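The values are calculated or read from the model by the stated rules, or taken from the named source; none is laboratory data. Because the structure is a prediction, the values reported are computed rather than measured. Methodologically, a virtual Cβ is constructed for each residue, glycine included, from the backbone with ideal geometry; neighbour enumeration extends over all protein chains shown. For accessibility, only protein heavy atoms count, side chains too; no ligands or nucleic acids. Shrake-Rupley method; radii C 1.70, N 1.55, O 1.52, S 1.80 Å.
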Amino acid sequence: SLEYRTPEELAKHVVRLRERTKLADIVLPELATALGQTRSEQQLCAAIELSRAFVDHRRIERALFKLRKDSRESVAASAVSALAELQPKEKAAAALGLCLEGADAGEVVPAVIDEVCSGLIRLGDAGLAEMKKHLATLTPDRRVWIIEYLLATGSPHRAAWLDLLSKDADPKVQAAAKEASIHGARPRGLATQPKATDGTVNDSNSSRPS
């Protein structure tokens, strides 16, 4: 079973499928089906990890997109993280933007919003262009969280994002972005710094905005 495979073993599965296209033609549709039917959290996360390398397969992409609304943070965030690897970057950014639909109504867990925001930051210009379409739907606390994340990760795209947020309509966000731009410091008043990772941001013990 996939859930008992080490990352190295999963990587070997990926190599094998890429080398044997006829086998991949059989396995990938089965993997897409498993993403939609598997209920075990551990099994599902393992299937998502394997599917990450084949995210451009249309059925797998659709299955991962549906999982964005899973109530389990590890599952939903892992699926969104995988979608961030779509190519080209503009396609990945658009998919992440769609994952924010219903976020303001609580239709996705907070870890999904974490992953969308961090994923768009990592996508550079394409991610920034997509975020401009959705920024107003995020709460002011979430927009300050983005500033915190930029500082925590030392993102190479930090300047462009801080410039955008320094023009925010909310005075708290605007001030935090300007302070970060000038001093490179964490905005004052938040107790917890976001988790600095290059992967899934789904630490259930960390403080995050709603």
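Could you check, for segment 121-136, whether at least one of its residues is out of contact with any Pro (no Cβ under 8 Å at 6 or more places or on another chain), touching a residue at least 40 places away in the same chain (Cβ under 8 Å), among the hydrophobic types (A, V, I, L, M, F, W, C) and part of a helix (DSSP H, G or I)?
yes
From the list ALA24, ALA47, ALA53, which residue is in contact (Cβ under 8 Å) with a residue 40 or more places away in the chain, out of contact with any Phe, Trp or Tyr (no Cβ under 6 Å at 6 or more places or on another chain) and of a type in the set (Gly, Ala, Ser)?
ALA47
What's the total number of residues in segment 51-86 that are open to solvent by less than 50 Å² (accessible area, probe 1.4 Å), assigned to a loop (DSSP other than H, G, I, E, B) and either within 21 Å of ARG18 (Cβ to Cβ) or at pLDDT below 95 (or both)?
Count: 3.
Considering only segment 137-170, state which residues are among the small types (Gly, Ala, Ser) and not in a helix (DSSP H, G or I).
GLY154, SER155, SER166, ALA169
Hey, among the residues in segment 108-130 that are charged (D, E, K, R) and more than 19 Å from GLU41 (Cα to Cα), which one's surrounded by the fewest Cβ atoms within 10 Å (Cβ to Cβ)?
Per the stated criteria, the residue is ASP125.
Filtering segment 7-47 down to residues that are open to solvent by 60 Å² or more (accessible area, probe 1.4 Å) and not in a helix (DSSP H, G or I), which residue is nearest to VAL75 (Cα to Cα)?
Among residues in segment 7-47 that are open to solvent by 60 Å² or more (accessible area, probe 1.4 Å) and not in a helix (DSSP H, G or I), the one nearest to VAL75 (Cα to Cα) is ARG39.
In the set ARG59, ARG52, ARG68, ARG72, which member is touching a helix residue (DSSP H, G or I) at 6+ places or on another chain (Cβ under 8 Å), basic (Lys, Arg) and closer than 20 Å to VAL15 by Cβ?
The conditions single out ARG52.
Just to check your reading of the model, which residue among ARG39, ARG5, ARG18 is of a type outside the set (A, V, I, L, M, F, W, C), modelled with pLDDT under 95 and in contact with a Phe, Trp or Tyr (Cβ under 9 Å, 6 or more places away or on another chain)?
Residue meeting the stated conditions: ARG18.
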